[in-house]
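In what follows, a structure is listed as structure tokens, so that the remarks can point back to it.
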Amino acid sequence: MDRWFLIAATLLAAVGGTLGVISVHRGNRSHWTVVWMIGAFICQMGFLSVRGDLRAACPLTDRGEILAFLAWSLTMFYLLVGPAYRISLLGVFTAPVVVIFQALALIPGTLTAHPAKIPGGNPWHETHSAMSVLAYGALALAAVAGVMFLVLDRQLKEQHLKSGLFRNLPPVRELLVSLERLLWLGAGLLTIGIVAGFLMPHTASAWGHLIAAVAVWAGYIALLAVKQVRGLTGRRLSLSAVVLFVLSLVVFAFA
């Protein structure tokens, strides 16, 4: 039952992204992408609800659940940020990332087939896991916005001003504002997650994960500090957001 929710969410995100690309190629705005992504979000909620009942805790135990939770977090932040900043094309860039995360979660063996209940769950552990993955959702969306800026920058340099993609890309200022706010939000959530991580009981293997998470946090804090103190061009900020997120995925190797 739980897998069907995740399969449906993956198909809905794939359809939304594909139709969005076709719409943009024709020079139109992808108005329906957000509708398909809302459908995917509802199915993601169904998956997490079922797994949560089976686990009797926040479903963040195996890599499949972590990937699904990350996809849900990314979708949630897209639905909050995209309409708020009138960045309709953000869904076209977000949908493929959601599909990739969920497709990886559906690979046989990634999701535990028969999840067992988690006895005596520690609240600090659950706070650490939930806040960290929520942070990654915000940081993933910041990376997506960074990719959009880099595409827009390239279109401007190559003077592809009449292409459907260029006409539908949002103004540079809106992209950079949303990118920076997502970085601050992600860093703040990650801070909460790391504090909870130090307060939870530790096993020997957990320390590697926590050290990797602290390294990721330090990288984002350093980026934001440089942005505040010295300033960064939009291209450097966007490229840094993308590179940092890709490098930060190494944390999941310790999950």
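The values are calculated or read from the model by the stated rules, or taken from the named source; none is laboratory data. Source: prediction; values computed, not measured. Cβ sites come from the backbone with ideal geometry, for glycine too, and all protein chains shown count toward neighbours. Surface areas here come from the heavy atoms of the whole protein model, side chains and all, with no ligands, DNA or RNA. Shrake-Rupley method; radii C 1.70, N 1.55, O 1.52, S 1.80 Å.
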Practice problem: Kindly indicate whether L19 is open to solvent by 20 Å² or more (accessible area, probe 1.4 Å) and under 13 Å from V98 (Cβ atoms). | Solution: no
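May I ask you to say which residue of R51, R26 is crowded, with 20+ Cβ neighbours inside 10 Å and of a type in the set (D, E, K, R)? Please lay out each step first, then the result.
Working: R26 fails: crowded, with 20+ Cβ neighbours inside 10 Å.
Being crowded, with 20+ Cβ neighbours inside 10 Å and of a type in the set (D, E, K, R) holds for just one of R51, R26, which is R51.
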Quiz prompt | Residues within the range 111-138 that are over 11 Å from I194 (Cα atoms) and of a type in the set (S, T, N, Q), tallied | solution = 2
Practice problem: Hey, can you tell me all the residues within the range 30-44 that are more than 11 Å from A68 (Cβ to Cβ), of a type outside the set (S, T, N, Q) and in a helix (DSSP H, G or I)? | Solution: V34, V35, W36, M37, I38, G39, A40, F41, I42
Quiz prompt | Scan of the range 211-225 for residues that are touching a helix residue (DSSP H, G or I) at 6+ places or on another chain (Cβ under 7 Å) and under 14 Å from R236 (Cα atoms), ordered by number | solution = Y220, L223, L224
Quiz item: Does L185 count as open to solvent by 70 Å² or more (accessible area, probe 1.4 Å) and touching a helix residue (DSSP H, G or I) at 6+ places or on another chain (Cβ under 7 Å)?
Solution: yes
Quiz prompt | Residues located in the range 117-138, provided they are small (G, A, S), at negative phi and either assigned to a loop (DSSP other than H, G, I, E, B) or open to solvent by 30 Å² or more (accessible area, probe 1.4 Å) (or both) | solution = G121
Quiz item: If you take the residues in the range 235-255 that are part of a helix (DSSP H, G or I), modelled with pLDDT under 90 and among the small types (G, A, S), which one is most open to solvent (accessible area, probe 1.4 Å)?
Solution: A253
Quiz prompt | L183 being part of a helix (DSSP H, G or I) and not small (G, A, S) | solution = yes
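Has the range 217-227 got any residue that is assigned to a helix (DSSP H, G or I) and touching a Phe, Trp or Tyr at 6+ places or on another chain (Cβ under 6 Å)?
The answer is no, given that none of the residues of the range 217-227 is assigned to a helix (DSSP H, G or I) and touching a Phe, Trp or Tyr at 6+ places or on another chain (Cβ under 6 Å).
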Exercise. Please enumerate the residues belonging to the range 54-65 that are open to solvent by 20 Å² or more (accessible area, probe 1.4 Å) and either of a type in the set (S, T, N, Q) or part of a helix (DSSP H, G or I) (or both).
Key: L54, T61, R63
Quiz item: List the pairs whose first member sits in the range 80-108 and is outside any helix (DSSP H, G or I) and at pLDDT below 70, whose second member is acidic (D, E) and open to solvent by 20 Å² or more (accessible area, probe 1.4 Å), and whose Cβ atoms are under 8 Å apart, counting only residues at least 6 apart or on separate chains?
Solution: Y85/E174; R86/E174; I87/E174
Self-check item: Number of the exception - L111 against (1) among the aliphatic types (A, V, I, L, M); (2) assigned to a helix (DSSP H, G or I); (3) in contact (Cβ under 8 Å) with a residue 60 or more places away in the chain; (4) farther than 21 Å from A143 by Cβ
Solution: (2)
